[in-house]
1. With (1) open to solvent by 90 Å² or more (accessible area, probe 1.4 Å); (2) within 30 Å of Asn19 (Cβ to Cβ); (3) out of contact with any Leu (no Cβ under 9 Å at 6 or more places or on another chain) as the list, and Lys130 as the residue in question, which single condition is left unmet?
2. Does Tyr95 satisfy the condition of being aromatic (Phe, Trp, Tyr), over 30 Å from Asn8 (Cα atoms) and open to solvent by 40 Å² or more (accessible area, probe 1.4 Å)?
3. Would you confirm whether or not segment 40-54 contains a residue that is at pLDDT below 80 and of a type in the set (Phe, Trp, Tyr)?
4. What is the one condition in (1) over 20 Å from the mean Cα position of the chain (by Cα); (2) under 30 Å from Lys48 (Cα atoms) that Leu64 does not satisfy?
5. Among (1) in contact with an Asp or Glu (Cβ under 9 Å, 6 or more places away or on another chain); (2) under 30 Å from Ser117 (Cβ atoms), where does Val15 come up short?
6. In segment 1-84, which strands (runs of 3 or more DSSP E) lie fully inside it and hold 1 or more residues that are free of Cβ contacts under 8 Å to residues at least 24 places away in the same chain and farther than 30 Å from Gly137 by Cα?
7. Does segment 95-115 contain any residue that is aromatic (Phe, Trp, Tyr) and either free of Cβ contacts under 8 Å to residues at least 24 places away in the same chain or assigned to a strand (DSSP E or B) (or both)?
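The values are calculated or read from the model by the stated rules, or taken from the named source; none is laboratory data. The shown structure was predicted, so the numbers you read here are calculated from the model rather than taken from an experiment. Backbone-built Cβ (ideal geometry, glycine too); neighbour counts: all protein chains shown. Keep in mind that these areas ignore ligands, DNA and RNA; they rest on the heavy atoms of the full protein, side chains included. Shrake-Rupley method; radii C 1.70, N 1.55, O 1.52, S 1.80 Å.
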Amino acid sequence: MKVKVNNNLYEVEIVGSENIKVNGEEIIAKSHDDYIIIKGKEYHLDFKEEGDPSLMIINGMAYLISTSFLTEKLPDEVRAPISRKVIEIPARKGYKVERGQVIIVLEAMKMENEIKSPATRWIKDIVVSKGKSVKVGDILVTFDTARS
């Protein structure tokens, strides 16, 4: 799992009852009610706030710990940010698109505006067609919410 501690991201894997891997490095860690032992060194847990994010004070140092950033809601659709004419549709219905991949190209006054996928998703439907004009807020693409 990914864990954010004071805005630093760590990859954490529980290997056994007392073994964990942090960014690929295996560490022996023992947890107790008011202290933890990591690599043989004891750290006193002065305060722990439940929730996500949670605040922990260990040996007098404050740590803000969160995993909630991993559960952000994926978008169900993409809407037109501007009123323009659709000149290209590189995406296809039923295909998987990657975050940042161009899915629609809009044109106004000879300027092309690439609309990119906000997340890696499967395209359920392309609501617009080439040559048609769209207004701000019009749905361009919908994503398949059953597949992620």
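1. Of everything listed in (1) open to solvent by 90 Å² or more (accessible area, probe 1.4 Å); (2) within 30 Å of Asn19 (Cβ to Cβ); (3) out of contact with any Leu (no Cβ under 9 Å at 6 or more places or on another chain), Lys130 misses just condition (2).
2. Here the answer is yes, as Tyr95 does meet what is asked.
3. The answer is yes, given that some residue of segment 40-54 is at pLDDT below 80 and of a type in the set (Phe, Trp, Tyr).
4. The failed condition is (1).
5. It is condition (2) that Val15 fails.
6. Counting at least 1 such residues, we get 8-14, 19-22, 25-31, 35-38, 41-48, 54-58, 61-66.
7. Checked against the condition, which is being aromatic (Phe, Trp, Tyr) and either free of Cβ contacts under 8 Å to residues at least 24 places away in the same chain or assigned to a strand (DSSP E or B) (or both), segment 95-115 yields no hits at all.
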